[in-house]
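The values are calculated or read from the model by the stated rules, or taken from the named source; none is laboratory data. Keep in mind the model is a prediction, meaning the values are calculated, not measured. When we count neighbours, we look across all protein chains shown, and the Cβ atoms used for this are built from the backbone with ideal geometry, even at glycine. The protein model used for the area step is the full one, side chains on, heavy atoms only, and it has no ligands, DNA or RNA in it. Shrake-Rupley method; radii C 1.70, N 1.55, O 1.52, S 1.80 Å.
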Amino acid sequence: MAVERTLSIIKPDAVGKNVIGEILTRFEKAGLQIVAAKMLKLDDEKAGGFYAEHKERPFFGDLVGFMTSGPVVVQVLEGENAIAKNRELMGATNPKEADAGTIRADFAESIDANAVHGSDSAESAAREIDYFFNAEEICAR
Ligand code: RTP
Ligand code: MG
């Protein structure tokens with residue numbers, strides 16, 4: 001297995017619930033290192049560009065509205081098989097379908113307010129990390 005990097009976002013619902021630390025702890029306990037992190041408030045342009053692949057989908061407006069509704073915490077996670085590992089920790093997009101013990105099963109309310117984002121492929125991870133971080137902001141250990 002290769003060491004990978006993936007882009008993780010703690011979404012506005014989870015920030016609002018004050019569970020940033022609990023979510024970051026799950027990543028650390030699973031052996032992923034946080035090699036970059038920042039809190040920011042997305043605007044329509046930044047959130048829309050991030051989810052550009054969903055631009056034509058009926059839920060796009062709601063998705064952008066939700067992602068700009070409060071601060072988010074964006075991180076780069078690094079570790080063995082980090083992309084798939086993070087998707088496993090997150091659970092299914094719809095928390096009603098998420099396995100017990102996953103982040104979305106434990107902290108998400110709905111398919112819209114679903115607590116976290118994680119890159120879904122190596123290509124997405126590369127694009128998404130570059131979308132939020134300069135090389136100097138990523139602290140390899
Ligand atoms: P994410 O990109 O946020 O990590 O979520 P994901 O890969 O599990 O799901 P994706 O298909 O990429 O969808 C992005 C976000 O759009 C919302 N969504 N709503 N109403 C719907 O049918 C629907 N489908 C997706 C979700 O909030 C999802 O996280
Ligand atoms: Mg996705």
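The residues in segment 97-112 that are part of a loop (DSSP other than H, G, I, E, B) and surrounded by fewer than 19 Cβ atoms within 10 Å (Cβ to Cβ) can be counted, and the count is 7. All told, LEU7 falls short of being closer than 17 Å to GLU128 by Cβ, in a helix (DSSP H, G or I), touching a helix residue (DSSP H, G or I) at 6+ places or on another chain (Cβ under 8 Å) and modelled with pLDDT of 95 or more.
Give the residues of segment 120-136 that are acidic (Asp, Glu) and either under 14 Å from THR6 (Cβ atoms) or surrounded by 13 or more Cβ atoms within 10 Å (Cβ to Cβ) (or both), sorted by residue number. Answer for segment 120-136, where residues must be acidic (Asp, Glu) and either under 14 Å from THR6 (Cβ atoms) or surrounded by 13 or more Cβ atoms within 10 Å (Cβ to Cβ) (or both): ASP120, GLU123, GLU128, ASP130. Give me the residue from segment 1-33 that is under 24 Å from TYR51 (Cα atoms) and among the acidic types (Asp, Glu) and, out of that set, most open to solvent (accessible area, probe 1.4 Å). Residue satisfying both the conditions and the ranking: GLU4. Going by the conditions given, is ILE83 of a type in the set (Val, Ile, Thr), closer than 23 Å to LEU40 by Cα and not in a helix (DSSP H, G or I)? Spelling it out, it is not the case that ILE83 is of a type in the set (Val, Ile, Thr), closer than 23 Å to LEU40 by Cα and not in a helix (DSSP H, G or I). Residues in segment 41-53 that are under 21 Å from ASN86 (Cα atoms) and either open to solvent by 20 Å² or more (accessible area, probe 1.4 Å) or among the hydroxyl-bearing types (Ser, Thr, Tyr) (or both): 2 in all.
Among the residues in segment 85-96, are any open to solvent by 70 Å² or more (accessible area, probe 1.4 Å), away from ligand 2 (no atom under 15 Å from the Cβ), farther than 25 Å from VAL35 by Cβ and not acidic (Asp, Glu)? The answer is yes; a qualifying residue exists. The condition (being at pLDDT 95 or above and within 13 Å of ligand 2 (Cβ to nearest atom)) is satisfied by just one residue among LEU63, LEU77: LEU63.
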